[in-house]
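See below for the structure under consideration.
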Amino acid sequence: MKKSYLEMSKEELLQLKAALQEDFKTEEAKGHSLNMARGKPGRAQLELAMPMLDILNSQSDMNTILGNDTRNYGDLDGIGECRRLMADMMEVQKDNVIVCGNSSLNIMYDTIARSMAFGVNGSTPWFKLDSVKFLCPVPGYDRHFQITEQFGIEMIPIPMDSNGPDMDLVEKYVNNDASVKGIWCVPKYSNPAGISYSDEVVLRFAHLKPAAEDFRIYWDNAYCIHHLYKDIQDKILNILDECTKAGNPDMVYIFASTSKISFPGSGVSAIATSEKNLDYILSKMTVQTIGHDKINQLRHVRFFNGIDGLHEHMKKHADILRPKFEAVLEELDNELAGLDIGTWVKPRGGYFISFNAMPGCAKSIVAKCRQLGVILTAAGATYPYGNDPQDSNIRIAPSFPSPEEMAVASKVFVLCVKLASVEKLLENK
């Protein structure tokens, strides 16, 4: 039975620190060079989509099912068959979808920029308002926070638990403060916590009564089909359907892409929302662009050949990712369980493992890992303004290294967690 670090005497902690420091020196001498900072697909995952590059060539029929030539102008909202593919992936109707470029992050940025410059469906442009606020469930996706920070939007952290955001707080802000214009959400296999929103949370979102007519839920369903296991998969309610049932059809924007399905940077992305919202978005898009890359859309459609092909492709991704996640989780379970110096969740999908260290330890752990050649996401990145008030949360991204490299990186991580925790406890003795 392991002894909790919290129960150790000062003498025991000093002895443990000395032993851990020796282990640290041993690992430092090995000259590791491992990166688990960002959720980048590994090489084996990228290879899965290589046959897509052979789908179209100079002899190919480049017309859509309706006969539109993808080499030419037209189809501002995306070719029909790609709208269908993305709609099926997002579990919405095709008529609710616009297919855009290679990045859903770009759509989110444009959506914020459009709201700042022109308002939302005719409302006052945000740049004319004295105050614009966004709710930010934490820990959350750093790039969401960077978008709102760049536009000078005030960010309000909202704590998360295993069911999703604290909806009492969400309702308090949204229903009573007209300066609250949006909330960032990663509802399925969230970044970084790996949790999926419960039915109750989704329903409470759908039944919000915003003080602001231009309030929108930014529903970044980035990991909607990114399961790790065949038989244990999270399912969430369809927020667009539920908002419509609740009389709030215009309240949500859903975002998704194939960035972690086909090729990051060369995939397709989409937004799904109400007809009224789509009409307004298209009215601005028609000035912004003649249209997105329809040849790439056609390539994706013919490669995946429908939603069933997409799901089969994702099973191959899962087979590659699962051993990497399990290498991390096994090391955490074997080495840290029972020590009372950290908590973590075993995700069923997505791209991250969220680790909560003892308060005041995250920056130290990340710095120690870097010293040993293991790069992690910066401590604090999962909070607005990079400020984790507890200095506790660390995002682990197992996707890029090999399973063998992840096993090594996990051992280094665990060592640094132990050493940083001992040092923190000794500070308080």
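Quick test for you: out of 362, 327, 367, 357, pick the one residue that is closer than 25 Å to residue 28 by Cα and at pLDDT below 95.
327 is the lone residue from the list that is closer than 25 Å to residue 28 by Cα and at pLDDT below 95.
Does residue 334 count as assigned to a helix (DSSP H, G or I), polar (S, T, N, Q), modelled with pLDDT of 95 or more and open to solvent by 30 Å² or more (accessible area, probe 1.4 Å)?
It is true that residue 334 is assigned to a helix (DSSP H, G or I), polar (S, T, N, Q), modelled with pLDDT of 95 or more and open to solvent by 30 Å² or more (accessible area, probe 1.4 Å).
Restricting to region 22-48, and then to whatever is assigned to a helix (DSSP H, G or I) and open to solvent by 70 Å² or more (accessible area, probe 1.4 Å), can you tell me which residue is nearest to residue 350 (Cα to Cα)?
Ranking the candidates gives 43 first.
Of all residues in region 242-253 being among the charged types (D, E, K, R) and free of Cβ contacts under 8 Å to residues at least 60 places away in the same chain, which is surrounded by the fewest Cβ atoms within 10 Å (Cβ to Cβ)?
Only one residue fits best here, namely 245.
Got at least one residue in region 49-56 being closer than 14 Å to residue 298 by Cα, among the β-branched types (Val, Ile, Thr), touching a residue at least 60 places away in the same chain (Cβ under 8 Å) and surrounded by fewer than 18 Cβ atoms within 10 Å (Cβ to Cβ)?
Checked against the condition, which is being closer than 14 Å to residue 298 by Cα, among the β-branched types (Val, Ile, Thr), touching a residue at least 60 places away in the same chain (Cβ under 8 Å) and surrounded by fewer than 18 Cβ atoms within 10 Å (Cβ to Cβ), region 49-56 yields at least one hit.
Only one of (1) among the hydrophobic types (A, V, I, L, M, F, W, C); (2) surrounded by fewer than 14 Cβ atoms within 10 Å (Cβ to Cβ); (3) under 25 Å from residue 354 (Cβ atoms) fails for residue 117. Which number is that?
Only one criterion is unmet by residue 117, namely (3).
In the set 283, 259, 269, 274, which member is open to solvent by less than 60 Å² (accessible area, probe 1.4 Å) and free of Cβ contacts under 8 Å to residues at least 40 places away in the same chain?
Of 283, 259, 269, 274, the one residue that is open to solvent by less than 60 Å² (accessible area, probe 1.4 Å) and free of Cβ contacts under 8 Å to residues at least 40 places away in the same chain is 283.
As an exercise: evaluate residue 12 against (1) open to solvent by 50 Å² or more (accessible area, probe 1.4 Å); (2) touching a residue at least 24 places away in the same chain (Cβ under 8 Å); (3) in a helix (DSSP H, G or I) and give the number of the one condition it does not meet.
(2)
Of the residues that sit in region 215-228 and are touching a strand residue (DSSP E or B) at 6+ places or on another chain (Cβ under 8 Å) and in a loop (DSSP other than H, G, I, E, B), which one is surrounded by the fewest Cβ atoms within 10 Å (Cβ to Cβ)?
The extreme case among them is 224.
Are any residues in region 187-214 surrounded by 18 or more Cβ atoms within 10 Å (Cβ to Cβ), out of contact with any Cys (no Cβ under 7 Å at 6 or more places or on another chain) and not in a loop (DSSP other than H, G, I, E, B), and if so, which ones?
Across region 187-214, the qualifying residues are 201, 202, 204, 205.
Which members of region 140-182 meet the condition of being open to solvent by 20 Å² or more (accessible area, probe 1.4 Å), under 19 Å from residue 108 (Cβ atoms) and part of a loop (DSSP other than H, G, I, E, B)?
Hits for region 140-182 are 141, 151, 152.
The values are calculated or read from the model by the stated rules, or taken from the named source; none is laboratory data. Small disclaimer: the values here were computed from a predicted structure and weren't measured. Note that we place each Cβ from the backbone using ideal geometry, even for glycine, and neighbour counts take in every protein chain shown. When the accessible area is computed, the model is the full protein with side chains, heavy atoms only, and any ligands, DNA or RNA have been set aside. Shrake-Rupley method; radii C 1.70, N 1.55, O 1.52, S 1.80 Å.
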